[in-house]
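The values are calculated or read from the model by the stated rules, or taken from the named source; none is laboratory data. Because the structure is a prediction, the values reported are computed rather than measured. Neighbour counts run over all protein chains shown; Cβ positions are idealised from the backbone, glycine included. These area figures cover heavy atoms from the full protein model, side chains too; ligands, DNA and RNA do not enter into them. Shrake-Rupley method; radii C 1.70, N 1.55, O 1.52, S 1.80 Å.
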Amino acid sequence: MAEEEHAFGVLSQALQGLTLQDFQEFKTKLLEVQVAGGWNIPKDLLEKATQPCMLASSMGKSYGKDGAMDVAIGLLEEMNQRDLAEELLGEKVKEYQQKYREYVAQKFLRYREVTSCRGENLSISKCYTTLTIARRKHGGEHKAVGTSQGGANNNGPATTAVTTQTLFKPKEDGQMPQVVVLVGAPGLGKTMTVRKVIVEWAEGTCHTQFDYIFCMDCKDLASTKEASVVDLVSKCYPHSRTPGKVLDDQKKILFIFDGFEALGFSLIQPKDELSSDPREVKPLETIVLSLLKRTVLPESSLLITTRPTALQSLGRCLEGECHAEILGFPAASRQEFFHRYFENNNKANMAFRFARSSKVLYSLCAIPIMSWMVCTLLEQELSKQKSLVECSKTTTQVTMSYLSWLMKTGRDNLQDLQRFLPKLCSLAADGIWKHKVHFEEDEIKKRGLDQPELLPLFLNEKVSRKGVDRGNVYSFTHLHLQEFFAAMFYVLEDNEEMVGGSGALQKDVSVLLENYSKSRKDLNSMVRFLFGLESQKSIEYADEAIGCRISSQARGDMLRWLQGRHGATSHPGQVLKVSELDTFHFLLEMNEKSFTQSVLSGLTDIDLQNSKLSLCDQMALSFCIRQWDELHCITLRGCSFEMQDPREEVPRSGASGAGEHPYAHEEPHTPIHLLCRALQHPGSHLQVLRLQWCRLDESCCAELGVLLAQHPSLAQLELGDVALGDAGVRLLCEGLQQPSCCLRVLR
């Protein structure tokens, strides 16, 4: 109501600027006005409207606020009263701008997004987590996340770190970038970054050089056949007609094309077919190309987000563009994301420590969608009143969830995608064997992977430097994803003949495992993924959620290989023991009780020396101990137990929610907490525990005391080079004094 009163006041003031003769002419012309959806003012009412304020009120009642302003502007221009028409138009543009900002803030500030923190209608201001964005020199290499030390933090000499606030700040040469291309693989946060830019502008905190930011979602735009630039702008604010004056000051306009690759344009058209008039209606590709080639609104700015594979076609029609690449979450942002997801500090700390304990999983969390999936899966564990120490979610399962998400992203080509996957896995495996993470365009074509709708889901594209006529170079979006697909190559059922002829890689799991045992320790992650993929859960999930079949035939070879590592060369009377830590990791990744028991059957000892046991190592060890009824002796010599890195500690501001299970979010209180808890499982028949030169202190004695008091068969405990202290000895003695203690030897 107040807005209408203000608008009619402005209209009345403009009409007061007319002479009496012009005022009468204005009223006469009103009789001839035809407004769609409105009513003409009756002649008797016009005659009674002898004052500008009365006429403005009558126009408002007949035409509505916007209609009255449009009619008045049209008639004043017709009467050559341009100053008054400009005054009204300026007021209308001012009102449009204010309402548009409010509309944009409401639309982009709160959202529902799969990569968001949990919940609905979340605030971008609260949930946006800082990404590493690197401004690259033209032609700079687009690197897969995780292909070098530092992951998302590795910018390199050809890059400059930027933020959402500095995307349009002057470059090194002092020039303000007019066109910015923001590159990133699927799930790295391009759309969230766009949201952040728009909200900062709408709130007036950044990008104040622009009066308008018009964002086009290219997925929605792709169905449009024809349009003008004005039509595209109107789509951004469908509740109001766009005043023509909005596009007059080109320098104050930013157009955003989000997800440019979804348009699928060739971007090749003769220049004489391009448009120079923002009101001209032409095929959508022509209008978009006209904006890119600067034939229409050449002084406006552009922000284009795209997957790397669209860079080559974009490069043909842009000049002087600035490239920025999203590299994912830096280390600090990964932790920040976990805290924003869980909100409860205790849960967030536990979940982050779980992810941090696995180098592979933590590295993959640089991809925002992977961080979201890890948080979602861990939250499911917490909701089951479980301790994360006993979490059943493996790195393979998290990665398969990511693959399922990618498949849904390309659901329009699902059958093509299922045929594409075996070829992709073959490429990944061949690369891992040859220590290769970059693939030339010829190889992509040779393997039948040159499919523009599917390739960018999995591979980054690097545009070759000028003068090098070898085509583009591709890499997987993350090194560990290449290892995952390489493992999938060996177990994926494929009816089609693989490309590559006699030199093609053979699907022989035994060759892979034998090479790993002998010399290729760099295949560790790939072998872990192999065990994870062969679990029954993974086989079922792949069939139901991904639509591909994983063969279980390799399980026999994998079982025999693990059994052979620890028992094939044994002699009569020789103790059969596990002395390879990676065995426990392979079994944890498989995560099947029966398979684990089959591997460990007949083995009686664990003997690990000089190992730094990370939390992930301890979890793998504990998982196997729980399934291992024949385990009689554990010897750990010179081993250390990793606790939380003090640098990763986050101050806690809240306790767990009321009514939670007391062990639901339990953290290791002492270095040997996980080991002692695992040994308390009902089926344990352990007789000897040796913890020698493991740098234990008196904090471990309470755990050992409880173990001594409760374990039904533990007869021998050896502690070497430990600093128990008087208090620690007293705690041990409390356990020894319990009637249930079976200990016979204490060294």
Over segment 1-108, with neighbouring protein chains present, the accessible area per residue in Å² at probe 1.4 Å is 57 Å²
For the pair PHE210 and ARG744, how long in nm is the line joining their label points, each one 7 Å along Cα→Cβ? 7.9 nm
Roughly speaking, what is the stretch gain from LYS271 to SER594, that is 0.36 nm per residue apart minus the C-alpha to C-alpha distance, in nm to one decimal? 109.5 nm
Estimated FRET transfer efficiency (LEU45, GLN250; beta-carbon r; R0 45 Å; 0.05): 0.60
Once ligands and nucleic acids are excluded and a 1.4 Å probe is used, how much of MET590 is accessible, expressed in Å² to the nearest 10? 0 Å²
What size of dipole, in debye to the nearest 20, comes out for segment 26-111 about its Cα centre when the only charges are +1 on Lys and Arg C-beta atoms and -1 on Asp and Glu C-beta atoms? 420 debye
GLU77 accessible area, 1.4 Å probe, all protein chains in place, Å² to nearest 10: 100 Å²
Exactly which GluC sites (Glu not before Pro) in segment 296-363 are in a DSSP loop and have at most 15 other Cβ atoms within 10 Å? GLU299, GLU319, GLU343
Carbon and sulfur atoms: what percent of the 1.4 Å accessible area of segment 235-346 do they account for? 45 percent
For the GLU172, ASP231 Cβ pair and Förster radius 25 Å, calculated FRET efficiency rounded to 0.05 is 0.10
Restricting to Cα pairs under 8 Å and 6 or more apart, the percent relative contact order of segment 331-391 works out to 30 percent
Too long for a 26 Å Cα-Cα cut-off, among LYS107/LYS252; LYS99/LYS196; LYS29/LYS251; LYS225/LYS271; LYS65/LYS107; LYS537/LYS577, are LYS29/LYS251; LYS537/LYS577
First measure r as the distance between the Cβ atoms of ALA723 and ALA161, then evaluate 1/(1 + (r/R0)^6) with R0 = 45 Å and state the FRET efficiency to the nearest 0.05. 0.50
Using a 1.4 Å probe and counting only protein heavy atoms, arrange ASP617, ASP557, ASP726, ASP44 so the residue with the most accessible area comes first. ASP726, ASP44, ASP557, ASP617
Can you sort THR205, THR193 by 1.4 Å-probe accessible area, starting with the largest? THR205, THR193
Can you give me the distance in nm between label points at GLN737 and LEU576, each placed 7 Å from the Cα along the Cα-to-Cβ direction? 4.3 nm
Once the piece of chain linking THR224 and ASN524 is laid out straight, how much longer is it, given 0.36 nm per residue of separation minus the C-alpha distance between them? 103.1 nm
Above 20 Å lies some portion of the pair distances; for segment 331-391, what is it as a whole percent of all C-alpha pairs? 13 percent
Listed residues ARG340, ARG82, ARG334 arranged by accessible area, highest first, probe 1.4 Å: ARG82, ARG340, ARG334
